Amino acid sequence: MFNFTHHIFVCINQRPAGHPKGCCASKASRDLLQQFQEELERRQLWSTVMVNGATCLGPCATGASVVVYPEGTWYGQVKPDDVKEIIVQHVLGGKPVDRLLLQNMVQP
């Protein structure tokens with residue numbers, strides 16, 4: 001049986017160009033997913049942390065969106081350069097990355 005401490009979902013939803021909601025795929029979310037996979041592999045965390053791409057998570061205007069469980073912590077405007085900080089500070093350290101928290105962002 002799986003014994004994961006964390007499960008990370010990265011929105012990789014893609015909509016047609018010009019769609020009013022936009023999409024995370026247009027904000028480098030597939031690169032973001034790859035960065036999470038590579039960072040977890042680098043740190044040999046595959047047995048304790050799962051990462052998956054997901055279709056629309058909802059907060060499209062603040063994408064790329066990421067949610068980390070079991071806490072249910074939502075991040076917005078995440079970029080590939082933020083991955084290491086999320087892994088080190090949140091997943092390994094237990095403290096969410098405040099500057100990326102969706103609740104702290106101003107919705108357009």
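No lab work stands behind these numbers, since they all come straight from the coordinates. Note that the structure is predicted; figures quoted are calculated from it, not measured. Note: ideal-geometry Cβ built from the backbone for every residue, glycine included; neighbour counts use all protein chains shown.
Things to note:
- Structure-derived Rg/Rh (Cα atoms, Kirkwood Rh): which label, when the choices are [x] 0.96; [y] 0.94; [z] 1.03: [x]
- Listed by chain and number, the lysines whose alpha-carbon sits under 24 Å from that of residue 21, ignoring those within fewer than 8 places in the same chain, are 79.
- Each Cα pair under 8 Å and six or more residues apart adds its sequence gap; the mean of these over the residue count of the stretch 6-104 is a relative contact order of 32 percent.
- Residue-averaged [θ]222 nm for the chain, counting only DSSP H segments that reach four residues, each worth -39500 (n - 2.57): -4000 deg cm²/dmol
- Extension gain, residue 34 to residue 69: 0.36 nm times the residue separation minus the Cα-Cα distance gives 10.7 nm.
- Cysteine residues of the chain whose C-beta has no other cysteine C-beta under 4.7 angstrom: 23, 56, 60.
- Chain lengthening between residue 48 and residue 4 when straightened (0.36 nm per residue, less Cα-Cα): 15.4 nm
- Reachable lysines, given that their alpha-carbon falls under 16 Å from the alpha-carbon of residue 95 and they are not under 8 places away in the same chain: 84
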